[in-house]
Amino acid sequence: MKLINHLEKARKEGWALGQFNFSTVEQMKGIVRAAAHCDVPVILGTSTGESKFLGLKEAVALRDVMREIYPYIYLNLDHGKDLNYIRKAIDVGYDMIHFDGSELPLEENIEKTKKVIDMAKGKIVFEGEIGKVGGSSNFHEGRPESKEDLTSVETLVKFISETQVDLCAFSIGNVHGVYSEMPNLDFKRLEEIREAVSLGLVMHGGSGISEEDIRKSIENGVVKVNVNTELRKVWREEIERSFANNKNEATPYILLSSVSEVIFRKTKEKINIFYENNTG
Ligand SMILES: [Zn+2]
């Protein structure tokens, strides 16, 4: 099945695909093992930084190898901003592009999003973004910043009808990263958005959001939830634990042997929430 068909099925049945970001092989193995174990399609995300560290071609080659283990593995360039870099990702075989023009004035965001879609219209999946999702995929103290960048329904409708994106990321107070206090999501706004548009919505910043709020978002049209920081957190904790317990060890495959397992467990935990209504 193609990615777009999985997304349509998710919208009809009321569940969401997880996007799990990675930049190393052991992280990727953990994610793919969880997908295979639960028998659900997943999206592997690489931001510009993650894909530059790993290599665009390397990411595609790894996806291809992993598809021999489980076929429904898709690769997305997360928060792509540079049109030349996006072109490269499409040329080497990414399944999906998220163009993030959310910081641009609306007209410029529309114009650039259209340019990106024209690079491979109908061949791969395109996600646009309206409304700024703040923060970064890091750990933060305290509360996320103000809600001034919430997605306006009118703007979203205009953006979607003019660009014809397949998916759209929005902001209802969700932010990237994990905060010591949960963000306060504006579900009234999400309901208004859902009533006004008929395409699948994407929730960024899935790491710092409670299970209950994730379920509520999926009920309101979210078909893709992005998770990065929570995976980074368990990755780091496991490496620290392993290095501390093996002070005289320098063999990577010994020091990193348990990393895949913690990524597997965390991914599985998220899958259990996101795919609850998946009929298989
Ligand atoms: Zn994001």
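The values are calculated or read from the model by the stated rules, or taken from the named source; none is laboratory data. These numbers were taken from a predicted model, which means no experiment stands behind them. Cβ sites come from the backbone with ideal geometry, for glycine too, and all protein chains shown count toward neighbours.
Structure data summary
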quantity: Some residue of the range 95-103 being closer than 30 Å to ASP39 by Cβ, within 20 Å of the chain's Cα centre (by Cα) and surrounded by fewer than 22 Cβ atoms within 10 Å (Cβ to Cβ); calculated: yes
quantity: Neighbours by Cβ (under 9 Å, 6+ apart or cross-chain): first from the range 203-214, polar (S, T, N, Q); second away from the ligand (no atom under 12 Å from the Cβ); calculated: SER207/VAL178; SER207/GLU230; SER207/LEU231; SER207/ARG232; SER207/LYS233; SER210/MET182
quantity: Residues of the range 1-22 classified as on the phi > 0 side of the Ramachandran plot and charged (D, E, K, R), total; calculated: 0
quantity: The lone exception for SER51 - which of (1) within 20 Å of HIS204 (Cα to Cα); (2) away from the ligand (no atom under 16 Å from the Cβ) it fails; calculated: (2)
quantity: Close pairs (7 angstrom Cβ cut-off, 6 or more residues apart or separate chains): over 19 Å from PRO105 (Cα atoms) and away from the ligand (no atom under 12 Å from the Cβ) in the range 159-182, modelled with pLDDT of 90 or more and of a type in the set (Gly, Ala, Ser) anywhere; calculated: LEU167/GLY200; MET182/SER210
quantity: Any hit, the range 116-133, residues being within 16 Å of the ligand (Cβ to nearest atom) and surrounded by fewer than 19 Cβ atoms within 10 Å (Cβ to Cβ); calculated: yes
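Condition check ((1) closer than 30 Å to ILE4 by Cα; (2) among the polar types (S, T, N, Q); (3) in contact with a strand residue (DSSP E or B) (Cβ under 9 Å, 6 or more places away or on another chain)) across all residues:
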| site | (1), (2), (3) |
| --- | --- |
| ILE214 | yes, no, yes |
| VAL234 | no, no, no |
| GLU238 | no, no, no |
| LEU255 | no, no, no |
| VAL259 | no, no, no |
| VAL262 | yes, no, no |
| PHE274 | yes, no, yes |
| GLY280 | yes, no, no |
